[in-house]
Amino acid sequence: MELLEREGCLADLLKWLGAASEGAGCVVLVGGEAGIGKTVLLEELCARQRILRGLWGRSDDLSTPRPLGPLHDIARQIQGALPASLSSGANRNHIFTLALEELERTPTLLVLEDMHWADEATLDLLKFLGRRIHRTRSVIVASYRDDELGPRHPLRIVIGDLPRANTHRVVVAPLSESAVAQLARRAGRHPEGIYSTTAGNPLFVTEVLAADPGSVPVTVRDAVLARAARLAPGARAIAELVCVVPGKIEPWLLEQAARPDARGIEGCLAMGMVLSADGSLSFRHELVRRALEDSLPPPRKRELHGKVLALLAARPGVSAARRAHHAACARDAQAVRRLAPLAAAQAASVGAHREAASHLEAMVPYADELAPADRARLLEQLSYECFLTGQYGRAREVRQIALEIWRATGAGMEEGDTLRWLARLSWDEGRRAEAERYFVDAVRVLESLPPSPALANAYSARASLHMESHENDAAIEFAHRAIALAEPWKDHLTLSTALRVRGTARLIIGDDSGWADLERSLKLALANGSQEQAALAYTDLSAMAVSRRRYDDAAQYLSAGLAYCEERDLDFTRTYMLAYRARMRFEQGCWLAASEDIEAVLLRAGEKPVTLIPALRTLGHLRIRRGDPDASSPLEKARALAGPEPELQRFGTLAAIAAEAAWLVDDWERVVREVMPAYERLSRQPDPRMKGELAAWLWRANALEVAPSGIAEPYAMEISGNWQDAARSWQALGCPYEQAIVLGWHGGEPEQREALKIFERLGATPAMEALRGRMRSHGIRGVPRGARSSTQKHPFGLTRREAQILELMRDGLRNAAIAKRFFLSPRTVDHHVSAILTKLGVSSRIEAIDIARQHPESVFPTSHG
């Protein structure tokens, strides 16, 4: 295909390659719809550039992608340790490190094609290399269909994790009407109607121009099938074989499966298929291949997949994932039972857990022929892979089937461990009562057997459940039991886990010995190379330091923990720590920085409630304090994610936030309604911070008869009447909003004016307006007016500058261009964009632009014009 209207894209790519050769390694994201010409553009780039070594790998449209498929392609193009490590089944950390060393050693143009089909391990590889590409003189070019990336597509999340400073984008646009007319005239065709039919998509243009002059196909599929119908029988047989093999069919496979003659190959080439220099045969585009494959009758398709499977089985070195794909398409039960577990194990070994779960799911319909114990183990393995990928409902469902099998076979140890897992999965879904029942049953079954690691794990898991419910005495007791079992066995993993739970429970009740437990948990995990446990220990240390308002300690734990997780790509715990850093920054009055962290969490957290809930709580709380529109949506979502029986920790925090929202509109009856149920549940539990926060709201509402004991110092001071020391305590802790509340509520005119300044500096418009009204009602004159009316009147709370920036975002300008337009620094524009996303209640730039386009009258009111 001729390269038309792509010179600008090519010039940018060549410029970035030149910069990389001088030490500015980067990632380039090439997006565009299917058939738009991304591959042609990149092939032309490789042909024109002479600076970097070229390597090319692609993801295939397999039913379950082959783990690290593009890297296997690349390994065939080089020599050294990387190919050997892939073939030997080395762990992913070793493989990823070798891939990075390859880019560091030899400046390289690494093309990763069709990343919208990439497996989980390949996406992790892109993230791993992308975060470190600045160390190299190499360029990674990743192409993908941007129209197939929904908000939660895994590739979109990876793109959000790439460093902005080292990431560039190229969007390949459709051809113009004049370019389509030019192609038509060269093909001897009249251009009328071709552009309107094809919308400038180069692939479709090519297919239409190759069709009979008297017809204009409506879709690519119509064009492909019309051309395939004209093939001679020999060519048709070859094309049908090739269409069931994603990517290219190797020469040996083509020869053995089809015995092609020259005439048949010529017919396929005339149809638009491509014969590579090495003899591989393929369709020009996956859309063309899929169109023909989808048209095959099911019996014919199964026959072809079976033939390919038989030949691949006899060939050494063919991946289990590739063979499993053809086995599933051929509906060969025996082959699926043999290949799916092997493919799943290979996928899991490199961290491709989505693909591992998919392989195991493919085996489930054929599992009835397995022995009961083997079937139960299959289901447990599937449950674990689903758990790792956030599919909690499916994980619980198949564990329940496994439980029935173990009970029927009298396998007590397996039954007890399965009950423990069901308890954990039920808790993850917010099924508190169900989780408790499973834990009771698990402990009962396992305690009837000799002491075991399974029992220690059950004790530790139950301790965690009690801790989350603020039943901290019970949590500490069960953690003690787990530690007592794990210590003599030197079971470092269980011991580290139990210490984490005990330490957190102790800190919740105000027992500072919990810090030593958490520090020991971290040291054990680091010493024994348990990365996940170390990350969890950093997380708990950070979260408890934020909760206890020890912000200096929290900043140190967060800095070390985030660096540890980022270096090892432990993104689940990294995202959770970002949620707590957002909370810390919010409490310290750094609201713009908190918004940026919330944006990062919501983009990356997927559907994991444990991470989403704290981020959504902080987002809702931030909107309440700033007076942004739609503060209720994130809080309602957090409540829904917490489930019908929320843990007291979640219930109490949401109650305190709702109380503040009611106070800001002077609805004291609602303050009491929101807080009292949580306070009554908490009043018998030691938790100085949460108990104090809820008690303070009830006291301000005159709904607290007796001052409670065992609450955090600032709340105790306020309730005892010593509001001056309470305000100073909040100031010392670094919580300006709480300091202003106390000053404004209890102080005289000087303190109230000081509170107004704090609220205004924070941008806390509702609290500022409430305090102004209170001051005027007390006869105070000369109360400052406050923020500009334009911000207050905007439906989404955008400032004039934010509305202008969003308008330019809608028009397609990137942050650097917006910065030049307004004579701002790029970082300042980055801050404005983060604030815009938070105020609009979205997690990505694309969603913000969609709102701007759909509701221009609200987003760009005339007062901002």
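The values are calculated or read from the model by the stated rules, or taken from the named source; none is laboratory data. In this text, all values refer to a predicted model and were calculated from it rather than measured experimentally. A quick note on method: Cβ atoms are made from the backbone with ideal geometry, for glycine too, and the neighbour counts reach across all protein chains shown. Side chains included, ligands, DNA and RNA excluded: accessible areas come from the protein's heavy atoms. Shrake-Rupley method; radii C 1.70, N 1.55, O 1.52, S 1.80 Å.
Considering the dipole of the chain built from charges on the beta carbon (Lys and Arg +1, Asp and Glu -1) around the Cα centre, which of Ala321, Leu309, Gln256 is farthest to its positive end?
Working it through, the farthest residue towards the positive pole turns out to be Gln256.
Could you give the length gained on full extension between Leu808 and Glu22, defined as 0.36 nm per residue of separation minus the Cα-Cα distance, in nm?
279.7 nm
Please get the size of the charge dipole for segment 20-147, origin at its Cα centre, with Cβ charges of +1 on Lys and Arg and -1 on Asp and Glu, quoted in debye to the nearest 20. If you can, show how the numbers build up before the last one.
Numbers: 15 positive and 17 negative charges, 113 e Å.
My answer is approximately 540 debye.
What GluC sites (Glu not before Pro) in segment 651-743 are in a loop by DSSP, with at most 15 other Cβ atoms within 10 Å of the Cβ? Provide the component values of the computation, followed by the final result.
Working: sites: Glu660, Glu669, Glu674, Glu680, Glu693, Glu705, Glu718, Glu738; in loops: Glu705.
Answer in residue order: Glu705.
Please list, ordered by chain and number, the residues whose modelled amide H lies under 5 Å from the amide H of Arg66; skip anything fewer than 5 residues away on the same chain.
Here Asp60 satisfy the definition.
Suppose R0 equals 41 Å. What FRET efficiency, 1/(1 + (r/R0)^6) with r the Cβ-Cβ distance, do His855 and Asp261 give to the nearest 0.05?
0.10
Roughly how many debye, to the nearest 20, is the charge dipole of segment 351-474 about its Cα centre, given +1 on each Lys and Arg Cβ, -1 on each Asp and Glu Cβ, and no other charges? Write down the numbers at each step before the final one.
On the way: 14 positive and 21 negative charges, 22 e Å.
Approximately 100 debye in magnitude.
Between segment 605-672 and segment 1-78, what's the alpha-carbon centroid distance in Å?
Each part reduced to its Cα centre gives a spacing of 45 Å.
At R0 = 60 Å, how high is the FRET efficiency between Arg673 and Ile78 if r is their beta carbon distance? Nearest 0.05 is fine.
Given R0 = 60 Å and the Cβ-Cβ separation, E is 0.35.
Starting from the Cα of Lys637, draw a straight line to each of the lysines and keep only those under 23 Å, dropping any in the same chain fewer than 8 residues away.
Of all the lysines, those that pass the test against Lys637 - Cα under 23 Å, at least 8 places apart if same chain - are Lys608, Lys839.
Looking at Gly200, Ala335, Asn702, which one has the Cα that reaches farthest to the positive end of the dipole of the chain (charges on Cβ: Lys, Arg +1; Asp, Glu -1)?
After comparing all options, I get Gly200.
Report, in cubic angstrom per residue, the convex hull volume of the C-alpha atoms of segment 1-70.
For segment 1-70, the hull spanned by Cα atoms encloses 113 Å³ per residue.
Please report how far the C-alpha centroid of segment 712-787 lies from that of segment 110-186, rounded to the nearest whole angstrom.
Each part's Cα centre sits 50 Å from the other's.
Return the lysines within reach of Lys523: Cα separation strictly under 21 angstrom, same-chain partners fewer than 8 residues apart disregarded; answer none if there are no such residues.
Lys490
Under a Cβ-only charge scheme (Lys and Arg +1, Asp and Glu -1), can you give me the dipole magnitude of the chain about the Cα centre, in debye to the nearest 20?
1440
Considering only protein heavy atoms and a probe of 1.4 Å, how much of the accessible area of the chain is carbon and sulfur, as a whole percent?
Accessible surface attributable to carbon and sulfur in the chain totals 51 percent.
For the chain, give the share of DSSP beta bridges that are antiparallel, in percent and rounded to the nearest 5; count only bridges with both residues there.
Counting only bridges with both partners in the chain, antiparallel ones make up about 10 percent.
For a quick check: with amide H placed at 1.01 Å from N, whose amide H comes under 5 Å from Arg169's, ignoring anything fewer than 5 positions away on the same chain?
Those lying under 5 Å, H to H, from Arg169 are Leu29.
Label points 7 Å out from Cα along the Cβ direction at Asp374 and Glu177: separation in nm?
Here the answer is 6.6 nm between the modelled labels.
Any chance you could list the semi-axes, whole Å, largest first, of the equivalent ellipsoid that the Cα gyration tensor gives for segment 333-375, using √(5λ)?
Equivalent ellipsoid of segment 333-375: 19, 10, 9 Å, largest first.
Once phi is turned into θ = phi - 60°, what whole-Hz ³J(HN,Hα) does the Karplus curve with 6.51, -1.76 and 1.60 give for every residue of segment 559-574, x standing for Gly and Pro?
Once θ is set to phi - 60°, the couplings for segment 559-574 become 4, 5, x, 5, 5, 4, 5, 5, 5, 9, 6, 8, 7, 5, 6, 4 Hz.
With a point put 7 Å past each Cα toward its Cβ, work out how far Glu519 is from Ala270 in nm, to one decimal.
8.1
For Arg189, list long-range residues whose amide hydrogen, built 1.01 Å from N in the peptide plane, is under 5 Å from its own amide hydrogen.
none
Can you pull the one-decimal nm distance between simple spin-label points at Arg761 and Ala732, each 7 Å off the Cα toward Cβ?
1.9
Quick one: accessible area per residue over the chain, 1.4 Å probe, rounded to a whole number of Å²?
Solvent-accessible surface per residue comes out at 41 Å².
With the radius of gyration and the Kirkwood radius both derived from the Cα set of segment 636-781, what is their ratio Rg to Rh?
0.98
Can you tell me how much longer the chain between Met413 and Asp512 gets when fully stretched, taken as 0.36 nm per residue apart minus their C-alpha distance, in nm with one decimal? The partial results should precede the final answer.
Numbers: separation 99, 0.36 × 99 = 35.64 nm, distance 3.68 nm.
That works out to 32.0 nm of additional length.
Rounded to the nearest 0.05, what FRET efficiency is calculated for Arg186 and Ile51 with R0 set to 45 Å and r the Cβ-Cβ distance?
For R0 = 45 Å, the calculated efficiency reads 0.85.
Which of the listed residues, Leu612, Ala458, Leu129, is farthest toward the dipole's positive end in the chain, when Lys, Arg count +1 and Asp, Glu count -1 at the beta-carbon?
Of the options given, the answer is Leu129.
Using 0.36 nm per residue, how much length does the chain from Arg800 to Asn702 gain when fully extended, once their Cα-Cα distance is taken away?
This chain segment gains 31.2 nm when fully extended.
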